[in-house]
Amino acid sequence: GTTGIDVPLEIGTLRVAADGGLRQSLRVGGYFDASDVPGYPSYLARFVAPDNPALAVISPQRYRGRAGGWVLYDRLIAGSALPHRRGTVVWANYEYGDPQTALMSNFIDAGVVMHGTFRGRDDDALALGFDLIDINPRLRSLETALQQRGFAVPTTAQEKTVELNYTAALTPNLSVRPGLQYVVNPAGERGGYRYPGGAIGLNDALVLGLNATYTF
């Protein structure tokens, strides 16, 4: 049942602070997957209804092999990274996807985490993050061509999200994390915009979330 080989490679550096906690991390990596996989036109089905006539006219392209890469960075800018100690970390990541086969050609996220927030709450954490998803530009070109032929499909571009969350350590084993997200152009579609052909973009979204973790 195998379809090919997957070859990942990553190199990086770590810096350790005087107290033994991690000070800085930098990783650079990539991969090559030799499998036979669907091409970018197949992702159109994620953005239109199953009965959309446009799905019947796209060619089912397939490619042998796909590749991607990433750069991951984080740095402690204050305090300590040791457990039960207060500290502040910033991070930034970039990921690249093969435009022949990837849904997302570029993905960027960055943010800051403050571990230990208020007096007596050294195991709580406050986080603020941002991400940007750039949908494959080849898919965007296909959507534009379909619109010119009169099909009702959106034009996918960039989705942006800002998230604020707070992790409250209720016990040594139980924590809860309420969060708030604001999503600009969900799925990369312009909110409320009517595209050529008649498709209407998704409006921006406000998302409330709650995560609970129990460690046995």
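Count of the range 101-119 residues, restricted to those that are open to solvent by 30 Å² or more (accessible area, probe 1.4 Å), more than 17 Å from the chain's Cα centre (by Cα) and not hydrophobic (A, V, I, L, M, F, W, C), is 2.
Out of everything in the range 120-163 that is under 17 Å from the mean Cα position of the chain (by Cα) and among the β-branched types (Val, Ile, Thr), what residue ends up being surrounded by the fewest Cβ atoms within 10 Å (Cβ to Cβ)? So, considering only residues that are under 17 Å from the mean Cα position of the chain (by Cα) and among the β-branched types (Val, Ile, Thr), the one surrounded by the fewest Cβ atoms within 10 Å (Cβ to Cβ) is 162.
Among all positions in the range 108-123, there is no residue which is at pLDDT below 95 and of a type in the set (A, V, I, L, M).
Listed here are the residues, each with its yes/no results for (1) modelled with pLDDT under 95; (2) surrounded by 15 or more Cβ atoms within 10 Å (Cβ to Cβ); (3) under 24 Å from the mean Cα position of the chain (by Cα); (4) not aliphatic (A, V, I, L, M).
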site: 3; (1), (2), (3), (4): yes, no, no, yes
site: 10; (1), (2), (3), (4): no, no, yes, yes
site: 13; (1), (2), (3), (4): no, no, yes, yes
site: 19; (1), (2), (3), (4): yes, no, no, yes
site: 26; (1), (2), (3), (4): no, no, yes, no
site: 39; (1), (2), (3), (4): yes, yes, yes, yes
site: 46; (1), (2), (3), (4): yes, no, yes, yes
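Screening 145, 127, 168, 110 for residues that are assigned to a strand (DSSP E or B) and either free of Cβ contacts under 8 Å to residues at least 24 places away in the same chain or of a type in the set (Phe, Trp, Tyr) (or both) leaves exactly one candidate, 110. Filter the range 31-84 down to residues that are closer than 27 Å to residue 5 by Cα, without any contact (Cβ under 8 Å) to a residue 24 or more places away in the chain and in a loop (DSSP other than H, G, I, E, B), then give me how many there are. Of the residues in the range 31-84, 3 are closer than 27 Å to residue 5 by Cα, without any contact (Cβ under 8 Å) to a residue 24 or more places away in the chain and in a loop (DSSP other than H, G, I, E, B).
Scanning the range 61-86 for residues that are modelled with pLDDT of 95 or more and either over 30 Å from residue 142 (Cβ atoms) or open to solvent by 40 Å² or more (accessible area, probe 1.4 Å) (or both) yields 70, 71, 72, 73, 74, 75, 76, 77. Using the structure shown, decide if residue 130 is modelled with pLDDT under 95 and more than 26 Å from residue 66 (Cα to Cα). So residue 130 does not fit the description; no.
The values are calculated or read from the model by the stated rules, or taken from the named source; none is laboratory data. Please read all numbers here as calculations on a predicted model, not as lab measurements. Positions of Cβ are backbone-derived with ideal geometry, glycine not excepted, and every protein chain shown enters the neighbour counts. Remember, those area values only see protein heavy atoms, side chains included, never the ligands or the DNA or RNA. Shrake-Rupley method; radii C 1.70, N 1.55, O 1.52, S 1.80 Å.
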